[in-house]
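Working notes for the structure below.
Laboratory data are not the source of any read-out in this text; all were calculated from the coordinates shown. Please read all numbers here as calculations on a predicted model, not as lab measurements. Note: ideal-geometry Cβ built from the backbone for every residue, glycine included; neighbour counts use all protein chains shown.
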Amino acid sequence: MDINIRSAIYANIKNNNEEQLEATIADSIDGREVLLPGLGVLFELIWKNASDQEKQEMVDVLAKGVQAQA
């Protein structure tokens with residue numbers, strides 16, 4: 001079976017409001033591992049729509065988070 005994860009994620013969130021999107025992110029982070037691939041799709045959307053400055057800020061936050069986990 002060939003499943004297009006991006007298409008499935010887009011279909012599941014296309015009518016979500018900001019509160020619902022935030023809940024999806026929180027659920028994915030707080031334990032529902034089955035949702036983790038969806039975070040990658042959501043991050044892809046964020047990245048593609050971010051300015052260069054916003055991208056750099058995300059990388060900075062990520063680097064700090066990685067260092068904190070080490």
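Our helix-only sum for the chain, with -39,500 (n - 2.57) per DSSP H run of n ≥ 4 divided by its residues, gives a mean residue ellipticity at 222 nm of -23500 deg cm²/dmol. Neighbours of E54 by Cβ distance under 13 Å: Lys/Arg scored +1, Asp/Glu scored -1, total -1.
The label point for E33 and the one for A8, both projected 7 Å from the Cα toward the Cβ, are 1.7 nm apart.
Look at (i) 1.12; (ii) 0.96; (iii) 1.01: the one that is Rg/Rh (Cα atoms, Kirkwood Rh) derived from this structure is (iii).
Axis angle, to the nearest 10 degrees, between helix 52-69 and the longest C-alpha principal axis of the chain: 80 degrees. A Cβ-based charge dipole, computed about the Cα centre of the chain with Lys and Arg at +1 and Asp and Glu at -1, lands at about 200 debye. In a fully extended conformation the segment linking E44 and L62 would gain 5.0 nm over its present Cα-Cα distance, using 0.36 nm per residue.
Nearest 10 degrees, 0 to 90: what angle lies between the long axis of helix 18-29 and the longest principal axis of the chain (Cα atoms)? Orientation of helix 18-29: about 80 degrees from the principal axis.
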